[in-house]
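Undergrad: Pasting a structure here, questions to come.
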Amino acid sequence: MKTILNIIWLILCGFWMFLGYLLAGVLLCITVIGIPFGIAAFRIGVYALWPFGHTVVDRAGAGAPSCVGNVLWLVLAGWWLALGHIVTGIALCVTIIGIPLGIANFKLIPVSLLPLGKEIVRTDQPFAAR
């Protein structure tokens, strides 16, 4: 079931959201200071490309630097990417078949807003990162 949902997701919205994260990552990597944010954008972009079968968990040991980084991320790229998830989620919820995909899009909003201090793991091992 996860594979079928991922294929439908990829066709309807995953590829386009991945391109958004890829663009944000490239723009953020232009400066040396933005490289950690670009890496986070690439990491979340892969998650946005194929989300079913994966989940987001808090990273152990993430402290104040992650908090400060999340504030910068929110200003630089987070709200644009979250807006993309909101628009795509609403568009998917218009059809009955798209409702699960729209809900999955809404679940990606928190990690698109505040990605630092989070880790993406497979659902069959959600506590492997801790």
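Undergrad: Which value, in Å² rounded to 10, gives the accessible area of residue 58 with a 1.4 Å probe and all protein chains present?
TA: 80 Å²
Undergrad: Right, another one. From the helices alone, meaning DSSP H stretches of at least four residues, give me the mean residue ellipticity at 222 nm for the chain, per-run term -39500 (n - 2.57), in deg cm²/dmol to the nearest 500. Please report the intermediate quantities before stating the final value.
TA: Working: 7 runs with 75 residues, N = 130.
The helix-only estimate for the chain comes to -17500 deg cm²/dmol at 222 nm.
Undergrad: How much length would be gained if the chain were fully extended between residue 122 and residue 76, taking 0.36 nm per residue of separation minus their Cα-Cα distance, in nm to one decimal?
TA: Working: separation 46, 0.36 × 46 = 16.56 nm, distance 2.82 nm.
That pair, residue 122 and residue 76, stretches by 13.7 nm at full extension.
Undergrad: So with the 1.4 Å probe, I'd like the accessible area per residue for the chain, rounded to whole Å².
TA: 57 Å²
Undergrad: Please report, as a whole percent, how much of the solvent-accessible surface of the chain comes from carbon and sulfur atoms (probe radius 1.4 Å).
TA: For the chain, the apolar C and S fraction of the accessible surface comes to 78 percent.
Undergrad: Let me ask something else about it. Which label belongs to the value computed from this structure, given these candidates for Cα Rg over 2.2 N^0.38 Å: [x] 1.03; [y] 1.14; [z] 0.95?
TA: Given [x] 1.03; [y] 1.14; [z] 0.95, the calculated one carries the label [x].
Undergrad: Tally Lys and Arg at +1 and Asp and Glu at -1 over the other residues with C-beta under 15 Å from the C-beta of residue 52: what net charge comes out?
TA: Combined, the nearby Lys, Arg, Asp and Glu give +2.
Undergrad: In degrees between 0 and 90, to the nearest 10, how far off the longest principal axis of the chain does helix 64-73 point, with axes built from Cα atoms?
TA: Helix 64-73 and the main axis of the chain meet at about 60 degrees.
Undergrad: Residue 99 to residue 31: FRET efficiency via 1/(1 + (r/R0)^6), r the Cβ-Cβ distance, R0 41 Å, to the nearest 0.05?
TA: Once rounded, the FRET efficiency stands at 0.55.
Undergrad: Taking the Cα centre of each part, how many Å lie between region 1-33 and region 56-130?
TA: Spelled out, the Cα-based centre of one part sits 12 Å from the other.
Undergrad: Let me ask you something else. Between residue 67 and residue 3, what length comes free when the chain is fully extended (0.36 nm per residue of separation minus the Cα-Cα distance, one decimal in nm)?
TA: 19.6 nm
The values are calculated or read from the model by the stated rules, or taken from the named source; none is laboratory data. Given the structure is predicted, the values throughout are model-derived calculations rather than measurements. No Cβ is skipped: glycine too gets one built from the backbone with ideal geometry, and neighbour counts run over all protein chains shown. Protein only, heavy atoms only, side chains kept; ligands, DNA and RNA dropped before computing areas. Shrake-Rupley method; radii C 1.70, N 1.55, O 1.52, S 1.80 Å.
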